[in-house]
Amino acid sequence: MSFVLNELSEQVVAAAASHKRVLVKGSGSKGFYGNPETTTSENMVLLDVTAYKGVIEYEPSELVMTAACGTPLHEIEKLLDEQNQMLPWEPPHFGPQATIGGAIATGLAGPRRMAAGATADFVLGVRMMNAEGRILRFGGQVMKNVAGYDVSRLLVGSLGIFGPLMEISFKVLPKPLCERTLRHACTINQAMDVFRQIHARSLGVSASAWVPEDGKNGHMYLRLSGSGVAVSQAIVQLPGDELVDADARAFWLSLREQTDPFFNDATIWRVCVPPLAGKMNESIPLVEWGGGQRWVRRVQDTRHIRHNAQQLGGHATLFRYPGPDAIPADGVFHPFRTNIEGISRRLKNALDPRGIFNPDRLIIKL
């Protein structure tokens, strides 16, 4: 593995010396996400990190794993499954060779995010490569308080603009003893009422969703996780009929991987707001995370959806789009707040002063 690391370092050094930009690339399963690259191929070097792979350290009793960035997610999940453990944030794959590096660089989370937490909550430390080809280490392999910025977590969701994440240490969790899923036909307003009740009570709901099917009608799905006794007690307090295990797993997988028919549209917006926030006055959304994540199709006014999301305390991202012409003038992502953009710029200047890594991918003209 050291040979691969040295080779990647030499490529970065050579690119910087020739004043070229570096496009960090993994399996490409999430290449659609973010602003498109604007640099021409003549001025760009492709840094393929998939060869740097393998689980470096795994302590099941400590619930900690360290893996190289190119390690496929399915290999990590298989190894965890043998120990009855899991990646708590349920990262989407979007492709058979999706890697742990891509999962951390995008920071995307699946249905369990509402109960377990975000991707950044489980990152303990990273080793990354800077613009000089040097390996920098941030964080470690244990949960602890830190003074100042926790840089390893700031790198989550950064889309490689600060440099490639070469190794990641992260926390894993045991699988629940019992999981059961309820399905209930209702309107979106009825589903939101149930979501409010769930937020006010401890019922062990690890995932929730409302999927539109015909206008305002649709189905609400609730996944309960925990001990057998706790799940059985919670089920009788919630509406819906229980799905068989195979159907339940298939449904939550279809949400995680966006294979549900709802996502067949060429343009998909992702709106994140506080779970109990009000309606968006947009087209009927697919709702996840107890109302906290809403997928929207057929958006007519970009400024309106972003203004509406911001008024509710959230943000709106153009998640999937058919081509560059569909991108708003201010980019795919909701414009950063001034303080967050300031932190990002200072970190970029410190780690990549020449601006060679993934230009414009996250913030236009960073």
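The values are calculated or read from the model by the stated rules, or taken from the named source; none is laboratory data. Owing to the predicted nature of the structure, the values given are computational and were not obtained by experimental measurement. Neighbour counts are summed over all protein chains in view; Cβ atoms, including those assigned to glycine, are modelled from backbone coordinates with ideal geometry. The area values use the complete protein model at the heavy-atom level, side chains included, leaving out ligands, DNA and RNA. Shrake-Rupley method; radii C 1.70, N 1.55, O 1.52, S 1.80 Å.
Per-structure values
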{"read-out": "Qualifying residue in region 214-232 (condition: in a strand (DSSP E or B), surrounded by fewer than 18 Cβ atoms within 10 Å (Cβ to Cβ) and either in contact (Cβ under 8 Å) with a residue 60 or more places away in the chain or touching a Gly at 6+ places or on another chain (Cβ under 8 Å) (or both))", "value": "no"}
{"read-out": "Residues (closer than 21 Å to ALA209 by Cα and either among the acidic types (Asp, Glu) or in contact (Cβ under 8 Å) with a residue 60 or more places away in the chain (or both)) located in region 291-330", "value": "GLY291, GLY292, GLN293, PHE319, ARG320"}
{"read-out": "Checklist (1) free of Cβ contacts under 8 Å to residues at least 60 places away in the same chain; (2) surrounded by 13 or more Cβ atoms within 10 Å (Cβ to Cβ); (3) not polar (S, T, N, Q) applied to LYS30, failing item", "value": "(1)"}
{"read-out": "Those residues of region 270-286 which are crowded, with 16+ Cβ neighbours inside 10 Å and either in contact with a Pro (Cβ under 9 Å, 6 or more places away or on another chain) or in a loop (DSSP other than H, G, I, E, B) (or both), in sequence order", "value": "VAL271, VAL273, PRO275, ALA277, MET280, GLU282, ILE284, PRO285, LEU286"}
{"read-out": "Residues that are touching a Phe, Trp or Tyr at 6+ places or on another chain (Cβ under 9 Å), buried (at least 17 other Cβ atoms within 10 Å of the Cβ) and of a type in the set (Gly, Ala, Ser), drawn from region 310-361", "value": "ALA316, SER344"}
{"read-out": "Residues within region 42-79 that are at negative phi, assigned to a loop (DSSP other than H, G, I, E, B), open to solvent by 20 Å² or more (accessible area, probe 1.4 Å) and aliphatic (A, V, I, L, M), tallied", "value": "1"}
{"read-out": "Residues being closer than 14 Å to CYS178 by Cα and touching a Phe, Trp or Tyr at 6+ places or on another chain (Cβ under 9 Å) - total across region 223-242", "value": "1"}
{"read-out": "Odd one out for GLU37, checked against (1) farther than 25 Å from LEU173 by Cα; (2) of a type outside the set (A, V, I, L, M); (3) modelled with pLDDT of 95 or more", "value": "(3)"}
{"read-out": "Verdict on GLU288 being closer than 25 Å to GLN197 by Cβ and acidic (Asp, Glu)", "value": "yes"}
{"read-out": "Index of the failed condition, GLY95 passing every other in (1) over 26 Å from PRO274 (Cβ atoms); (2) buried (at least 16 other Cβ atoms within 10 Å of the Cβ); (3) touching a helix residue (DSSP H, G or I) at 6+ places or on another chain (Cβ under 8 Å)", "value": "(3)"}
{"read-out": "Every pair of residues 6+ apart whose Cβ atoms lie under 7 Å, when the first sits in region 174-188 and is more than 8 Å from LEU224 (Cα to Cα) and free of Cβ contacts under 8 Å to residues at least 40 places away in the same chain while the second is open to solvent by 70 Å² or more (accessible area, probe 1.4 Å) and among the charged types (D, E, K, R)", "value": "THR187/LYS216"}
{"read-out": "Output for region 226-251, where each listed residue is small (Gly, Ala, Ser), touching an Asp or Glu at 6+ places or on another chain (Cβ under 9 Å) and more than 23 Å from GLN190 (Cβ to Cβ)", "value": "GLY226"}
{"read-out": "Flag if ALA14 is open to solvent by less than 20 Å² (accessible area, probe 1.4 Å) and not in a loop (DSSP other than H, G, I, E, B)", "value": "no"}
{"read-out": "Sole exception among (1) among the hydrophobic types (A, V, I, L, M, F, W, C); (2) touching a residue at least 24 places away in the same chain (Cβ under 8 Å); (3) open to solvent by 40 Å² or more (accessible area, probe 1.4 Å) for ALA209, by number", "value": "(3)"}
{"read-out": "Pair list, Cβ < 9 Å and 6+ apart or interchain, from region 45-72 residues that are under 18 Å from ASN6 (Cβ atoms) to residues that are aromatic (Phe, Trp, Tyr)", "value": "LEU47/PHE357; ALA68/TYR52; CYS69/TYR52; GLY70/TYR52"}
